[in-house]
Amino acid sequence: QFVYLGTPTRAGSTAEVFQKMRNEAWGDSPGDDMCWIEYGVDEVGDVTDEARWAEANPSLGTLANYEAIRAGMRSMDELAFAQEYLGYWLPKVADAVLDAETWDARRIDRDAAPKEGGRVAYGVKFSPDGSTFALAAARRPESGPIHVELVMNGPTASGPSGLAAWLAERSGSASCCVVDGLSGADSLIDAMGRVPRRYIVRPGTSDVIAAADMMLAAIRDGSMTHLDDPALNLSATTATRRPIGSRGGWGWGGDNATPIEAASLALWGAKTTKRDPARKLRIG
């Protein structure tokens, strides 16, 4: 008899054995000699809701305790916490635009990422209801692939002031900041105050379509790189095509699309901006 204990395979992990065992257990014809017992949640949801903790941890209050889980929460993002403590498995998306192998092929170590030179652009994307946002950065070096990273990703409950200050502080060195989202964009731009002209870019429908196309092409042909970031990995490998307009245009869609959308806006900004922050700045 073999007993396996574990937590769901993390986003971006190449581990497959435990995932395959689960697929077999949940399949139409599980092995007769396998017993699979699982405690977990169906969605990330509100990870601070301690009532959900007990649903996924039957030993809570005896072998496990609330203080230990609270301590673990402080060092994890929401997705990592949901997987580690709430038994959340990454969803399988049948119509995802990208597969994990293609996305993982563009991953590089932080030491190999370009750190200076070229042009830097930021992309900010708000979720449709404005409750969450993602901030990504893209650096376009003089030669070689564009590098993108997810800088921030989380709820907007605390307001735009912190994000606005962060972006305004970098307006003298970055080429542009592309901000998209019907709910949240205007308040963020207003909170930034006076920044150099052409630093803030509000993309139109055609720009959003172009950003998604550029990102997908860059991933496929190897002209972009990224770090191993769980939230961005999840977003990229579960995103679907969201129809835009009436001419066959598309953007990233799905439940976790915000990070890859922000990364695409940053990449698009880095490739299309004509603003050189090294020139004399004009404030407007």
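The values are calculated or read from the model by the stated rules, or taken from the named source; none is laboratory data. Keep in mind that this is a model prediction, so the values were computed, not measured. Cβ sites come from the backbone with ideal geometry, for glycine too, and all protein chains shown count toward neighbours. Keep in mind that these areas ignore ligands, DNA and RNA; they rest on the heavy atoms of the full protein, side chains included. Shrake-Rupley method; radii C 1.70, N 1.55, O 1.52, S 1.80 Å.
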Next on the checklist: Full-extension gain between Ala54 and Glu142, please, as 0.36 nm times their residue separation minus the C-alpha to C-alpha distance.
Outcome noted: 26.4 nm
Checklist entry - Separation between the Arg241 and Ala25 pseudo-spin-labels, each 7 Å from Cα along Cα→Cβ, expressed in nm? => result 3.6 nm
Checklist entry - Taking the stretch 25-84, which chymotrypsin sites (Phe, Trp or Tyr not before Pro) meet the DSSP loop condition and have no more than 12 other C-beta atoms within 10 Å? => result Trp36, Tyr39
Checklist entry - Can you give the accessible area per residue of the chain, in Å², using a 1.4 Å probe? => result 55 Å²
Item to check | Theoretical gain in end-to-end length, Trp36 to Arg198 [0.36 nm per residue, Cα-Cα removed] | outcome: 52.6 nm
Next on the checklist: Under 17 Å from a point placed 7 Å out from the Cα of Asp104 along the Cα-to-Cβ direction: which residues of the stretch 216-250 have their backbone N that close?
Outcome noted: 220, 226-239
Item to check | Full-extension gain in nm, Leu63 to Tyr4, via 0.36 nm per residue minus C-alpha separation | outcome: 19.4 nm
Checklist entry - Among rounded, prolate and oblate, which fits the chain when a ≥ b ≥ c are the square roots of the eigenvalues of its C-alpha gyration tensor, a/c under 1.5 means rounded, and a/b larger than b/c means prolate? => result prolate
Checklist entry - How do 206-217, 95-106, 147-158 rank on mean C-beta neighbours within 10 Å, highest first? => result 206-217, 147-158, 95-106
Checklist outcome for this item: A 1.4 Å probe over the protein heavy atoms gives the stretch 81-196 a carbon and sulfur accessible-area percentage of 48 percent
